[in-house]
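A.B. asks: My structure is below; once you've seen it, I'll send some questions.
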Amino acid sequence: MCETAPSEDRENTMATPAPDTEPAAAREPEAPTPARGGAEGDAPRTGTGDSSIKEHERWQRFAGGEDPPETHRPGRWRALGRALRRAARSEWTLAGLCSVLLALAMTWPLAQHLTDRIPHDTGDPLLLTYILGWVGHALRENPAGIWDTNSFWPLDDAYLFTDTLMGYAPAALLITSPTSALVVYNVLYIGTFALAFLGAYALLRQLGARVAGSAVAAAAFAYAPWKLGQAGHLQVLSSGGIVLALAMLARGHGYSLRGGFKPERQRPGWILAGWLTALWQFSIGAGLGIPFVYLLLGIGVVVGLHWLAKRPRLRWQTLAANGVGGSVFTLGVLWIADKHAVVARAYPEALRDVEYISWFSPTWQSFIIAPEESRVWGAAHEAARTELTWAPEQALLVGFTLVALAVAGLIWSCWTGWQRVWLALGGALVFAVAMGPNFLDDGSWAWALLYEYAPGWDAIRTPGRLAIYLTLILAALAAGTLTRIADEADDMAHRARVDKRLKVKAPRRVHALLFLPIGLVLWEGLTVAPYVEVPEAPVDMSALEGPVLFLPAGGGDTRVQYWSIDGFPEVANGVAAFTPDEQAGIRSMSMGFPSEDAIASLRGAGIETVVVLPGSLPGSDWAGLDTEAEPFGVEVERTDTALIYDLNAD
């Protein structure tokens, strides 16, 4: 990656005159806006100083080796060409391109197998692919019926049994078959890494970090080793909206860590975009959405108290944008939360007790233990993972490179001392809450307070996923370290200049060295997890007469749900965050199938067709099933891959 800052952040060797004592940090501009590719300056000054300002600008162009500006107005096409060239060279175009290329490289060769492979395994990824397919189907055919899926027959509101991925509805509308669903899922999977990188980069630039520091920290956030264990959870990887919304809100309010609050930089449009992005993030899934809502609430309280104490000047457009955006966000969150509350009341078995959550919660050592999918540390940490009760959710290594840079950032950084203290305290708080009941005194001073008194928090079964925020805080500290180094390099070059009228920065090759840690960060983010081939449906799903029950039923039901995208027949199978009692009852009825009692019970429950997959029987509860039996009153169709029982054959 190369230094892509706007002109005032580039490592030019000659620039404007400056006093010999001017510190480098003071010359660093505030982060640019993504829409314009450069930092906005203060309001222009007027009066008798205008001529001296123009002379100063002419000297700057001359000293920097720039061509003199044209005196005539360029034609329309020429102006358009210049605008396109500027856009192509802008920091944000290059940052977006780098984020996409990096995501393709880090997930390679998935881009070559969009139609027949899926990341990690055929468990949760196929479930989430099915959810995307159902969203697209329901929105096209019957939007009001989106809550009652074809799986988990005959239960209501099955769409809300797990994270809904509703934010991906525009992409889901492109799904018309199992293959297209696979393509959409894989593209979104790659896109989550690109958006996480770009969003974190935008946030850190807005806070005031330099380009190299922001790039390294953004890579650490997007490709943290603990995410390798979450490769099967698209809703967990979809964290880019969190950092992007924070960047937009900070930009809209004219705030950065280095520059503080600047009233003249308020941009109501960015505020509104930030609130809408936050709502989009919440609509992907409540697992990450609920903590994000409380984070925004906490930031709102702090900002409100600061306003009461300092009374900074706010434009009425800023207040209006917050009022409209905040209201839309609140109403959207309450609407989705109310739907989930209905499920919680209708299915008490969905609630998780403390013992259950403790099983999935990390331990004190979890944040330095890598998941088995880590190419670099997975094998080395195998013994440590054996001590964990559920390693996939407890191996939460944030990256040793990131930790080293963050620790250095606590001591030596571009952020002020108090800012570093607050970042450290925020990291400690996240660490405590993320440990759930496994923190001190069963988490009674951290997680337990939220579990008992914060609405919706009891729905989170995996507190360790809050490592997202710990990673972000460490990334901010790491960016502060590298930014301080860049500032010091510029300051040394400026003090050593020959012509005291010039403002000098360190050569580009010096700043390029600050990108070197990104290699270590990405090295730690490499995976050994496979991209597995997706099995084809053993039967023509669209031709089945539902309701259908596939045997064996259980963990393999994600394949059945994925296959059912072809026609969406009603199936009693399904996998979610919990097992509904009624579904467990149907599974119990099927024990002993095709005995007369099992057939009678399934008929009574309303099952029309039973499909047995012989290749999945060994080791299952149906291992002893007689595949040659001809039950009385049941028509059996045998194929090479399945046995299809019509329970109500005439």
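The values are calculated or read from the model by the stated rules, or taken from the named source; none is laboratory data. Everything quoted here is computed from the prediction, not taken from an experiment. Reconstructed Cβ throughout: ideal geometry from the backbone, glycine too, with neighbour counts over all protein chains shown. For accessibility, only protein heavy atoms count, side chains too; no ligands or nucleic acids. Shrake-Rupley method; radii C 1.70, N 1.55, O 1.52, S 1.80 Å.
A.B. asks: Mind telling me which of the residues 232, 191, 240, 260 ends up being farther than 22 Å from residue 520 by Cβ, of a type outside the set (S, T, N, Q) and free of Cβ contacts under 8 Å to residues at least 12 places away in the same chain?
C.D. replies: 260
A.B. asks: A follow-up question, please. Can you name the residue in the range 631-647 that is out of contact with any strand residue (DSSP E or B) (no Cβ under 6 Å at 6 or more places or on another chain) and part of a loop (DSSP other than H, G, I, E, B) and, of all such residues, is nearest to residue 600 (Cα to Cα)?
C.D. replies: Once the filter is applied, the top-ranked residue is 647.
A.B. asks: Enumerate the helices (runs of 4 or more DSSP H) found wholly within the range 233-316, keeping only those where 1 or more residues are open to solvent by 60 Å² or more (accessible area, probe 1.4 Å) and more than 20 Å from residue 214 (Cα to Cα). Reasoning before the result, please.
C.D. replies: On the way: elements: 234-237, 240-252, 268-284, 286-310.
Counting at least 1 such residues, we get 268-284, 286-310.
A.B. asks: Going residue by residue through the range 134-155, is there one that turns out to be in contact with a strand residue (DSSP E or B) (Cβ under 7 Å, 6 or more places away or on another chain) and open to solvent by 30 Å² or more (accessible area, probe 1.4 Å)?
C.D. replies: Yes, there is a match, as at least one residue in the range 134-155 is in contact with a strand residue (DSSP E or B) (Cβ under 7 Å, 6 or more places away or on another chain) and open to solvent by 30 Å² or more (accessible area, probe 1.4 Å).
A.B. asks: Scan the range 332-347 for residues that are touching a Phe, Trp or Tyr at 6+ places or on another chain (Cβ under 8 Å) and either open to solvent by 60 Å² or more (accessible area, probe 1.4 Å) or among the charged types (D, E, K, R) (or both) and jot them down.
C.D. replies: Selection gives 339 alone.
A.B. asks: In addition: Residues 617, 602, 625: which one is at pLDDT 90 or above and open to solvent by less than 40 Å² (accessible area, probe 1.4 Å)?
C.D. replies: 602
A.B. asks: Between a residue in the range 298-313 that is basic (Lys, Arg) and any residue that is open to solvent by less than 70 Å² (accessible area, probe 1.4 Å), which pairs come within a Cβ distance under 7 Å, given they are 6 or more apart or on different chains?
C.D. replies: Listed pairs, sorted by first residue: 313/263.
A.B. asks: Still on this model: Evaluate the following for residue 403: is it open to solvent by 10 Å² or more (accessible area, probe 1.4 Å) and under 18 Å from residue 229 (Cβ atoms)?
C.D. replies: Yes, satisfied.
A.B. asks: Here's another thing I want to ask about it. If we only count helices (runs of 4 or more DSSP H) wholly inside the range 501-572, which ones have 2 or more residues that are open to solvent by 40 Å² or more (accessible area, probe 1.4 Å) and out of contact with any strand residue (DSSP E or B) (no Cβ under 8 Å at 6 or more places or on another chain)?
C.D. replies: 508-512, 517-524
A.B. asks: Moving on to the next point. Answer yes or no: is there a residue in the range 420-439 that is open to solvent by 20 Å² or more (accessible area, probe 1.4 Å), over 25 Å from residue 223 (Cα atoms) and in contact with a Ser or Thr (Cβ under 9 Å, 6 or more places away or on another chain).
C.D. replies: For the range 420-439, residues open to solvent by 20 Å² or more (accessible area, probe 1.4 Å), over 25 Å from residue 223 (Cα atoms) and in contact with a Ser or Thr (Cβ under 9 Å, 6 or more places away or on another chain): present.
A.B. asks: Just checking, does the range 477-487 include any residue being farther than 30 Å from residue 422 by Cβ and either free of Cβ contacts under 8 Å to residues at least 12 places away in the same chain or open to solvent by 50 Å² or more (accessible area, probe 1.4 Å) (or both)?
C.D. replies: Checked the range 477-487: no residue is farther than 30 Å from residue 422 by Cβ and either free of Cβ contacts under 8 Å to residues at least 12 places away in the same chain or open to solvent by 50 Å² or more (accessible area, probe 1.4 Å) (or both).
A.B. asks: Another one. Determine, yes or no, whether residue 611 is more than 47 Å from the chain's Cα centre (by Cα) and either β-branched (Val, Ile, Thr) or open to solvent by 60 Å² or more (accessible area, probe 1.4 Å) (or both).
C.D. replies: no
A.B. asks: Still on this structure: Determine whether residue 467 is open to solvent by less than 20 Å² (accessible area, probe 1.4 Å), over 27 Å from residue 258 (Cα atoms) and at pLDDT 90 or above. Let's see the steps before the verdict.
C.D. replies: Values: open to solvent by less than 20 Å² (accessible area, probe 1.4 Å): yes; over 27 Å from residue 258 (Cα atoms): no; at pLDDT 90 or above: yes.
For residue 467, the condition - open to solvent by less than 20 Å² (accessible area, probe 1.4 Å), over 27 Å from residue 258 (Cα atoms) and at pLDDT 90 or above - is not met.
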